[in-house]
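Here's the structure we're looking at; comments come further down.
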Amino acid sequence: MRREAAELPGVESAALVDWLPLGFEGGSGGGVEIPGYIPKPGERMGTHVGFVSPGYFHTMQIPLLAGREFREGDALESERVAVVNQAFVDRYFPGRDPLGLKFKIWGRDSRIVGVVQTGKYYSLNETPFPYVYHDSETIAHRNLTLAVRSHAAPATVAAAIARLTTSIDSRLTPFASLDYESYMAASLAVPRIAALMLTFLGAIALGLAALGTYAVIAQGAQQRQREIGVRLAFGAQPRDIRRLILNQGLGLAFAGIGLGVVAGVAVAQTLAGVLVGVRATDLLAWAGPPVMLVFVTLLACWSPARRAAKVDPMVALRSE
C-alpha cells in the first residue's frame, strides 16, 4: 500500500506510522536497559516507542541528525535496528556517539542506526523526553496510518488513495482522510477552545475593572467638587483638573500593576510550562498587560476628568 501510494501522480513520498504526533492515539512505551548506564536512585528507565516505515522521516520532514533512516529490508534482518531522538541520546548516551550502540527494550536488543531531532509527540507544551522508532514491518498488527506528502490538492490525493485501497482489497475502505491543516486543527481543538475561553473571561474581567474604575473616579470627583471649585477660583486651569483626576486613576492602576508583577513573578515558571511559545522572560508578555491596563484606566477616567474640569467654581462653592 505504501509503495503504491508513493507512485500516485502528485505524491512525493508516503509512509506508514502506528500513530501520528499530536494525535488522539496514546502511543506505547517500555522500560529500557542501557549497557554501562548507571541509573540514579529512583530513576525510571523508560522510553516512548513508535513504529514507522521507511520514508517516514522524509515524509514528515523530521530532521535526521546522524546516521540513516529505516530502509527496505531492515525488518528482515536478524538484528533489530532503531532510530532514536536526540533526547534519548542526551539521557542515555551523553557525550557518546550513539550510532551502532545497543540497548534492550521489551527483552530484545536494538541497534541504533539513526538519530532524529526531538519533536512534540503528545502536546505542544511537553518537555523533551526519549523516543524510539522501530520499523513498522516488525509488528504483527497492521493498524497503521498512511502519511502522504504531496503537492497536489488534498482532496484529489485522498480520492486517488481511496481508489487504490479498493483496488488492492474491495473490502477495505479508508477510515478517514485529513490534510495537515485539518489534522492539526482537530488535534489542537481543546487547547484552542481553552485559550479562547480564557481570552473571553479576561476581556470580561478587564471590562468590569474599567467600569469599577470609572465608578470610583466619578464618585471621587463628585465628592471633591468644592475642592475643585476652590482650585479653579484660585487660577487652576481645566487641564490641571483633568490631570488631577487622571492621576488618581493612574495611581490605582499602578498599584494593581505592582501587585500583578509580584504575583506574575511567583507563577511565571508554571505559566511558561502551560503557554506554548511563551517564556518566563518574554518581554512582550510582561509589558503588554501593564500598557493595556494603563490605556483602559485612562479611558475609564477621561469622562469624569472632563466633567470635573468643566465645573463652574461659583456653582461648586454655593452648593456647599
All positions within the stretch 206-253 that are without any contact (Cβ under 8 Å) to a residue 24 or more places away in the chain and farther than 16 Å from V311 by Cα: G207, L208, G212, A215, N247, G251
Listed by first then second residue, the pairs whose first member lies in the stretch 88-104 and is within 21 Å of Y121 (Cα to Cα), whose partner is among the basic types (K, R) and exposed (fewer than 15 other Cβ atoms within 10 Å of the Cβ), with beta carbons under 9 Å and at least 6 positions apart or on separate chains, are V89/R96
Please enumerate the residues belonging to the stretch 182-224 that are of a type in the set (D, E, K, R) and either within 30 Å of A160 (Cα to Cα) or part of a helix (DSSP H, G or I) (or both). R192
So for the stretch 174-181 (the condition being part of a helix (DSSP H, G or I) and either exposed (fewer than 11 other Cβ atoms within 10 Å of the Cβ) or of a type outside the set (S, T, N, Q) (or both)), does at least one residue qualify? yes
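The rows are residues; the columns are (1) in contact with a helix residue (DSSP H, G or I) (Cβ under 7 Å, 6 or more places away or on another chain); (2) loosely packed, with under 14 Cβ neighbours inside 10 Å; (3) at pLDDT 90 or above.
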{"site": "A236", "(1), (2), (3)": "no, no, no"}
{"site": "N247", "(1), (2), (3)": "no, yes, yes"}
{"site": "A253", "(1), (2), (3)": "yes, no, yes"}
{"site": "G258", "(1), (2), (3)": "no, yes, yes"}
{"site": "A263", "(1), (2), (3)": "no, yes, no"}
{"site": "T281", "(1), (2), (3)": "no, yes, no"}
{"site": "A285", "(1), (2), (3)": "no, no, no"}
{"site": "V291", "(1), (2), (3)": "no, yes, yes"}
{"site": "V296", "(1), (2), (3)": "yes, no, yes"}
Exactly one of (1) closer than 20 Å to E12 by Cα; (2) not assigned by TED's automatic domain parsing to the domain that holds A14 is unmet by V148. Its number? (2)
Please enumerate the residues belonging to the stretch 7-24 that are assigned to a strand (DSSP E or B) and of a type in the set (G, A, S). S13, A14, A15
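The values are calculated or read from the model by the stated rules, or taken from the named source; none is laboratory data. This is a predicted model, so every value here is computed, not measured. Using ideal geometry, Cβ is built from the backbone for each residue, glycine included, and neighbour counts are taken over all protein chains shown.
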